[in-house]
Structure formats: structure tokens, C-alpha cells
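Novice: What follows is a structure written as C-alpha cells; I'll ask about it next.
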Amino acid sequence: MGKGSNLGEFEQVVMLALARVGETAYGVPVHEEILRTTGRDVAIASVYVTLSRMDAKGLVTSVLETRADAHGRPRRFYALTLAGWEALRRSRAAMNQLWHGVEEPEGLS
Amino acid sequence: MRRPGLSSRGLERLVRAMLPGPVSGLILRDLEEGYRARAAAASADSANRWYARQLLLTLSPTRLLALRRLHRRAGDPVQRPGRALVHLAGDMRYSLRLLRKSPAMSALTIVVTAGGLGVSVFTYSMLNTMMLEPLPLPQGDRIVRVMSLEPDGTTSLLDAVDLQPIRDSVRSLELVGAWESEHRLLRGGATPRAIFAELVDPEMFEVAVTPPLLGRVLLAADAQPGAEPVAVLGYHLWQSDFGGDADILDRVIELSGVQTRIVGVMPEGFGFPVWASLWQALPADALRYVARGKRFPNAFARLAPGATAAQADAELDLIMQRWRREQPVPDDGGEPAAVSARAVAFPVAQMGDEAHFVFVILNLAASSILLLACINVGNLLVSRAVERGRETTIRVALGAPRWRLVLQMMGESVIIATLGGAIALWIADRGLRWLDGFMRSIAPDGRPFWYTWGLDLDTVAAAGAFVIATIVLTGGIPAWRATRADADAVLRDGTRGALGAGAGRVTRALVVVQVAVIAVLMFLGGTSAYLTQVIADIDFGMDTEGVMVSTVGLPDDRYLTDEARTAFFERLQRELEQQASVPAAALRAGLADGIGHGSEVVIEGQRYESSLLQPRAAVTAIAGSLETVGVRLVSGRLFALDGPEDGSSALVSETLAREQWPGQSAIGQRLRLGDAARESEWYTVVGVVSDVVVGNPFSRDRHGRSIYVPLAAVAPRTASVVFRHAGDSRAAVLSLHAAVEDIDAAVMPGRIVDFDEMFQAMGRMTALATRVLAACFGFAMVLAVTGIYGLTSRSVVQRTQEIGIRRALGATEGRVVRLFLRHGGRQLVQGLGIALVVAALASIAAAQLLDMNPMIYVVAAVAVPAIISAIVLLAIYIPTRRAVHLEPSVALWHE
């Protein structure tokens, strides 16, 4: 496994939020989920940039809604692919490995 | 629904402007949803803050760049046209805003485009009607003429003998028939008059399919030997000579002495085959027993079902090959059978073999005016595109699809060309109606029946094509160029208005081209205006008032000897002059044996190395008073009027006498006609007469070298009758017919031409040509002048900041103005240089053909550059002055 296929932190955040939201995952629910769970009010545009990049890598898949809204604006729905799940799992395993045996010094928290 | 606060609107618009529609839509829709949720859960204020922050985050450059490349998937539905239309509407609104910003300039571009398009559409439509459209008859595209194919590839009328095998065996053509036109003296209508009768094979009406308005058409039985003489009237003749009488059927009229019953009337606008006003049956055996070389009827046919013109041509080749083998080779040196025959569309046959060439050339001429208009409008749009070049390049760098940018930049062209096209259709419609009316007025029944002009589907389609071409030329090319610009170079071109090198080069080159084009146009316009003046002023050297001309041909079988023919014509001349209403009459004929206009002359006592060095003169045989044809006696005597003139007398014109016998009298000198090597009779000059125009009236040597000999010396088969008549042309017809009938009822005079009417028609045509030329060149001038002014002044305006810098650095107003004038002068000189070369070439070519006063060239060579220089320098001076008067600080910030 090459170095390039490691997930970045924000990528993991977006993908996990995507996984938590489930089926109707588009920009707003993903954004709200991130806000609710991490407290970070990220830019929706960034969510899309990230999703789009992972779409290109094959980690997520997307489909453009066939019917736009009254203003002619379309909506794109995203979902994790098997490769995406695999990448997430690997990232968690790597983190777990790293955390394993790490003792926090006393009195930090 | 609640809307985000005002402050966010601008940001929203920016997001939309910076991102492709689908991407900005995706994000704005989500943001709106988030906004609504926040406005519902918390307060409108916090929702607004959140919304604005999100928009700002979206607008961060790195995110914008990333978003522009938002991943597209193969399975995505294609963008729906509805959405594309929304874009298009946006682009159009943007373009309209640009156009509204400078209303005067926009109006000018629309007028210029409309003019260019109008000329092109009009020309195309006019020629299309004349040449390309099928006949306005049912299945008109299948009706053809059958023409003889000459060895040189041209077509001409078929020999009646060659028509027979085609009629007998052709399969790809049906209803092959012949027609001939003959003069008839019509009695029984309003007044007796000479008309053309079309003698047709009755199949013609089957080919034309058109049912009669009244009665019946001609039938095969009408062509049988011994059939009752019947005729079918054309609508126009029925109206003009019979007052549209509804009881016209079965009325008997007299056609050249033959009692003929009218059996039908054809509907309005029907003149098949060409301009028929009355139809009679061509006797069925009329062409059957003719010798070769005697009769050349017109032939019509219809393509058989499923057959094409190409198939017909191929079959005609085969038939004629076989026919040539069967035909005995003529041993008297006469014409052999035709090489082949061709099925030609009626309009093309009418225009002659050059029809397609003419069509292309005239359309090219009209299109070049459109091209000029396009160059002008394009120029203006290019300068605008150059100004927006940086905006465009930034958008390209950000990844905007090129086609959208091109489309947006073409928006202005689309609007201009569409509006211009609508106006052009109106112009063309007016022009075509006017042309139709004009042609009706000068030739009520002397024009092919399909020459009816007006807007039709073809014209509208052509207008559409021209509009698209205009859009592409004026908008597409500059837009494409701008979007192809190297983004890096343009973005770093920080010259703040002192033009970037590329833009400057384009503008300068355009100015040079414009100067050259306008100069050439002015030169051509000036010379052609002079020419039409020359045409209008041509003095034909004769008094044409009341002069009538007709032709009389003698039947071969009745006038076998020279004496008989001479006697007929000399008697006709006397009979005519005996009539009270005819003060003078003359008969004239060109000489036989090729000695007609411009025959070689041999002067007694002169030697000629070659026939090329012999003097040439128009030779006319004449009986009767020469004054009738406008020739005055200068010295000596005219031919004796009482009694036949001695066949060896001759008269010469002043110019010829002066050239051949300088300083001495021509009277008593002797000359011969024809090649010096050939022994021919000597003529003795008995008188010198005034010059008349002979040959090409515009040619250098139009002042006639003429020789007149007595008619008896020639004894022609056909002669022109020239006579003065006190009454109008209708009365004159009767006089002529009466005189001819008195001598021999079997001889039929031809149509009578009234010189006055002819000259009036010519005058009207000349005036028309002058007006059309003046309008065309006037419009072209407007084009060129506006173009030049627009370009030069714009190039100065673009350099306003440079002017500010120069002024700030201490340049005086005068120095700046002079500097700019000098720069403009360079382009002026280059453009004029090109024009001078072109104009010189054109005048050398013109000098070969036309006798032009050389002063015209001198005047043109001085006046044209002077006028153009004035325009260009003014176009530079005015905006430069304006820029110079700006405070340097203002000029520096000038956008």
C-alpha cells in the first residue's frame, strides 16, 4: 500500500460523517454531522472539494440527482464504496496500532 | 421563504460568476438549506452570518480552483437544455448590458450589419429567382429544355433534324416537344398591334400541368393538318387587348390575316415556356421534313418519373452518338449533326451558359460588402474583447469551459446580427418588391414568367445562413482568439493600458487594412460614377425622335435573285414614304460575307503588309434617305433618291475621310472592301457624311468610321426598316404592315422598336444603375468611414493612461498630439500605399477597355488620399485632445 492512499485527517472526518449520515448524504447533512460531532463549522465547499477528490480516487461514489430544484440547481448524493470502507478501516487500525501502549503523562487533562 | 441578507447577495453573485453553473448550483442550494435550518432554529442574524461566512470560505482562491475541477462521473445525466438556456439567457443579458452601455455605437453596428446583410440577401434572392429556383409550375423542377451541346461545351438551340431521334427514342425524358416564336399582327382586339405568338406542340400544356382559366388548352387535334386555326390567350393579353371579356371564348380574331378562334385563356402569371402571351399549335408535321440547318426550334421536355437530369444527359449522349453515325456526312461543308444534347433547367438556359458563373460572381460581390460590414463590426467587438482580454484569460485560467466563454463573447454578435438580419429581411423585401414593380413597368410581357421577385422560404433560409456567417465572422473568431490567449502572458501583461504588444499590433493592422479598402472603394466609386455619367451623356449622333425600326426578312423560295430582293426593298422604301404619316424612310443592312461592323477597307493607292494594318469601318448598305438614320451630308452628295443608285457609289464618314485622305477631298477617291489580297469591286466616294456611334459606345474608337453603299450593291435577304413616323408606335405598325402587304402579303415584318421608347428605357436603366451604384458605394463608404473612425479613435482611447503618464512626466499637449498623429500617419501611409497599387492595377485594366479621361485618375489619386487622411487624422486628433485635456491623475486611472 502506497503512501498516497493514506487518508488525511479531514478526509477521515468527511468519510466518517458520510458513513454516519447514511443514504441521503449530500453536502448539508454531512456538514451538519461534522458540526454536531466535532463542533467544527467547516465550509460546505470544502466538504464538496474533499468528496470530489475521494470520488476521483474511488473511495466514494456519487450520483447526480436527475431533477433539479426550482432554480435549476442539481444535487449530488454521495456514498462510501467498498474501497472507501477499507481505507477507513485501515486508518482506524493504523491509529489503534499507534495508540497501543501509549501512556499519557499524569496531570495533563 | 426567507432570503439571506442583502450583504450576501453580492457574494452569491460572485460565486455564481466564478464557478460553472452546476457547481455553484450545488453549493448555493446546500447553503440555502443550511441557512433556512439556522434561521428556523436560531435567529435570522446568526443565519445570515453563517451564510456570509460560508460564501467567503467558498470564494477562497484555492477552494475555487479545486471546485472548478469538481469530479464529474460518467453516469451523470447530461445537463438539460433548460439549464443551458438559463445560461444563454444570462449571457444574452450580459451582452445586452454591454451594448446598452454605448447606444450610439451599438445602433451604428446594427445599421452597418443590416446594410451588409440586406445587400447580400437581396442579391441572393434576386439571382435565385432568376436562375436556381424551379419553374413555378407543378413539378417545375422536372421541366427541362433540350439543348444542343456544342463541341466547345456551350449549349444552343437544337437543329429540328436532331430533335427527331430524341423524340423517338429517349426514355428518361417524356413529352418532348418543340416551340417557336413568331410575330403576328393581331386584329380584333382593342387596336391592331404586333405580338409574339408561341407556336407550341400541344404536349406543352401537359408538361405545364396548369389548367386554363377559361375554356381549354391546345390539343393534339389542333396540330393536325387541316385543323381549324385556334389560339389560347395569356392572361395579360386578355386583360390589355380584350378588357378581360368573360365571353371571349369562340370569338374570332385575325392573326396576320388568318381568322383564328379563341378557345381558352390561361391564368395570371402563366407564361410557359418563357414569356408567352398567346399560344397556337405548331403543326404536327412542321418540323418533320425540314433540311438540316434550316430550323432551330426550342425544345421542352419533362424528366420521366424516377429519372434524373444526369441520366437524361447520359442517354442523350448515346442517342446522339448513334444518330451521328446514321447521318450522312454533309458533302457541301454544312453542319453535321449535334455532338450531343443536354437537359437544361429553363432558368439556366435563359441566362445562358454563364448562369452559374454569374450567380457566383454577383453573390461574391454582394458578400464582399457583407464582409466589409463584418470586418467593421468585428473590429469594434475585437477592441472590446481586447479590453476584456484579462477578464477572459482569468476565467480560462480558472477553468471555465471555452465554449461558454466563446458563447458569451459572441452574445453581442448574436444580438447585432439577429437584429441586423431582421432589418435586412425588411430591406430585401422592399428591394425585391420594388424590383418586381420596376421590371413589370419596363417590360410588361417581355420577361420570363418566373421572374417574380419577393421574399420566399429560400430567401429567409439564405438570410439565416448569412446571419450565422456574420455571427461567426464578427464574434466567433475574436472570441476564440481571446480564449486561446496564453493565460500566463496576459496576466503578467501589467502595462496598465499602454497597449499590450499583441493588441496593439492587431489594431494597427486593422487600421491599415481599413485605409486600403476605403481608398480602393472611393477610387472605384469615383470612376464608376464618372462612367455612368459617360453612359448617360453618350450622343448617338442622330435625332431619334419618332424613329421606328423594324426588320423585314424575305422568304428564300420567293425571292431568288438579287434583282428581286433589291426591287422589293426599294419599293418598300418608296411605298412607306408615300404614306402621309411617314416623312422619311430608309432600309439598311449590314454587308454579307462577314463584311459587317469593322470590315477591312482598302484605299486606292495604299499598300498593306497585312490585313491587320488595313483601316476598318462599319459598312452599311442603304436605300432611301440617310438622314432618316441620323446621318447628315457634309460634302458631296447623297445617293440619288429617284431611281436605283449606281451600285459602285459610296459615302464615307467624316472621321474616316479625315484619316484616310488628310488635307484633301475624299470625293472621287476609290476604295475596296475586304481583305487587300482579295480582288473586289471598287467603290467611288461620292459624299462625306457625319459620324455616328458604331460598335461599343464606351470604346475608345466609338466615333464611327463608316462606309455606306447602295442597297443594290448587296441585295440582302433581311434588312432593317428605319422610318420616321408622325404618330405613335401603334400607328407606325399599321403603316409598315400596310406597305409590306401592298407589295407581298406573304412577307411579315418583325416587331417594331420605337427609338424614343428604347432610349427612354435605356435612360431609365442607366439612371437605375447609377442609383444602385451610388447607393452601394455610399453604403460601403459609410462602412469604411465608421470603421476607420471607430478603430483609430478607440486605439487612442485605449492609450489614455499612456497619455496621462506622458503628461505627468512633463510632455506638452502639443507634443503628445503630434506624437499620436505621427503614429497614425504611419498606418495611413501603409494603407494608402496598398490602395495605390490596387487602384493602379485596376486603372490599367480599365484603360484597356474604356476611354477614360486621364484627369480622372489624377483627381482620384489626389482627392482620395486627401479625404481619407482627413478622416484618419481627425479620428486621432479628437480623442487625443480629449485625453490630453484630462488631468494626468484622472487619465492614469482611466479604464
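Novice: If we sort B:508-519, A:27-38 on the protection proxy, mean other Cβ atoms within 10 Å, highest first, what's the order?
Specialist: With the highest mean Cβ count within 10 Å placed first, the list reads B:508-519, A:27-38.
Novice: Let me ask something else. Between residue B:764 and residue B:434, 0.36 nm times their residue separation minus their Cα-Cα distance comes to what?
Specialist: Stretched fully, the residue B:764-residue B:434 segment lengthens by 117.4 nm.
Novice: When the helix-only estimate is applied to chain A (DSSP H runs of n ≥ 4, each -39,500 (n - 2.57), divided by the residue count), what is the mean residue ellipticity at 222 nm, nearest 500 deg cm²/dmol?
Specialist: So the helix-based figure for chain A works out to -17000 deg cm²/dmol.
Novice: If you don't mind, another one. May I ask you to rank B:236, A:100, B:737, B:823 by accessible area, largest first, using a 1.4 Å probe over the protein chains only?
Specialist: Details: B:236 90, A:100 150, B:737 15, B:823 50 Å².
Correct descending sequence by accessible area is A:100, B:236, B:823, B:737.
Novice: Separate question: Taking the highest mean first, how do the peptides B:215-225, B:869-879 order by number of other beta carbon atoms within 10 angstrom per residue?
Specialist: Per-residue mean Cβ counts within 10 Å order the peptides as B:869-879, B:215-225.
Novice: Let me ask something else. Over the stretch B:227-341, average the accessible area per residue using a 1.4 Å probe and give it in Å², no decimals.
Specialist: Heavy-atom SASA per residue in the stretch B:227-341 reads 48 Å².
Novice: May I pose another question? At what distance in nm do the modelled label points of residue B:360 and residue B:326 sit from each other, each positioned 7 Å from its Cα along Cα→Cβ?
Specialist: Once both label points are built, they end up 3.8 nm from each other.
Novice: Rounded to the nearest 0.05, what FRET efficiency do residue B:742 and residue B:441 give with R0 = 41 Å and r taken as the Cβ-Cβ distance? Could you check?
Specialist: 0.65
Novice: Something else: Might you work out the accessible area of residue B:855 for me, using a 1.4 Å probe with all protein chains in place, and round it to the nearest 10 Å²?
Specialist: For residue B:855, the solvent-accessible surface is approximately 110 Å².
Novice: Over the stretch B:396-439, what number does the Rg to Rh ratio reach, with both radii from the alpha-carbon atoms and Rh per Kirkwood?
Specialist: Answer for the stretch B:396-439: 1.42.
Novice: Could you tell me the accessible area of residue B:560 in Å² (1.4 Å probe, neighbours in place), rounded to the nearest ten?
Specialist: Spelled out: residue B:560, probe radius 1.4 Å, area about 130 Å².
Novice: Still on this structure, I have one more. Would you calculate the separation in nanometres between label points at residue B:680 and residue B:667, each defined as 7 Å from the Cα along the Cα-to-beta-carbon direction?
Specialist: My value for the distance between the label points is 2.6 nm.
Novice: Right, something else. In the neighborhood of residue B:100, defined by Cβ-to-Cβ distances under 12 Å, what is the net charge if each Lys or Arg adds +1 and each Asp or Glu adds -1?
Specialist: +2
Novice: What does the highest-first list of B:363-375, B:184-196 look like by mean Cβ count within 10 Å?
Specialist: Answer by packing, highest mean first, reads B:363-375, B:184-196.
Novice: Residue B:44 to residue B:870: FRET efficiency via 1/(1 + (r/R0)^6), r the Cβ-Cβ distance, R0 56 Å, to the nearest 0.05?
Specialist: Working: r = 66 Å, r/R0 = 1.18.
Using R0 = 56 Å, I get an efficiency of 0.25.
Novice: Another question about this same structure. Tally the DSSP beta bridges in the stretch B:216-309 and give the antiparallel ones as a percent, rounded to 5.
Specialist: Bridges in the stretch B:216-309 are about 65 percent antiparallel.
Novice: Next up: Mind checking the mean number of beta-carbon atoms from other chains within 10 Å of the Cβ atoms in A:29-35?
Specialist: On the way: counts 2, 1, 5, 3, 0, 0, 1.
Partner Cβ neighbours, averaged per residue: 2.
Novice: While we're here: Summing both sides, how much accessible area is buried between A and B? Use a 1.4 Å probe and give Å² to the nearest 100.
Specialist: 2600
Novice: Once you have the Cα-Cα distance between residue B:261 and residue B:574, take 0.36 nm times their residue separation minus that, and quote the gain in nm to one decimal.
Specialist: Numbers: separation 313, 0.36 × 313 = 112.68 nm, distance 3.58 nm.
Between residue B:261 and residue B:574, full extension yields an extra 109.1 nm.
Novice: Let me know the shape class of the stretch B:246-372, please: from the alpha-carbon gyration tensor, a ≥ b ≥ c as square roots of the eigenvalues, rounded when a/c is under 1.5, otherwise prolate if a/b is greater than b/c, or oblate.
Specialist: oblate
Novice: For peptide B:209-216, what's the mean number of Cβ atoms from other chains within 10 Å of each residue's Cβ?
Specialist: Counting other chains' Cβ atoms within 10 Å and averaging over B:209-216 gives 0.
Novice: Right, another one. Less than 12 Å Cβ to Cβ from residue B:314, Lys/Arg counted +1 and Asp/Glu -1: what total charge do the surrounding residues give?
Specialist: Net charge in that neighbourhood comes out at -1.
Novice: Which whole number gives the average count of other chain Cβ atoms within 10 Å of the Cβ atoms across peptide B:15-27?
Specialist: Details: counts 1, 0, 0, 0, 1, 0, 3, 6, 5, 1, 7, 12, 7.
Across B:15-27, the average partner-chain Cβ count within 10 Å equals 3.
The values are calculated or read from the model by the stated rules, or taken from the named source; none is laboratory data. Just so it is clear, the structure is predicted and the values come from calculations on it, not from any experiment. Reconstructed Cβ throughout: ideal geometry from the backbone, glycine too, with neighbour counts over all protein chains shown. Just the protein is used for accessible areas: all its heavy atoms, side chains included, with ligands, DNA and RNA removed. Shrake-Rupley method; radii C 1.70, N 1.55, O 1.52, S 1.80 Å.
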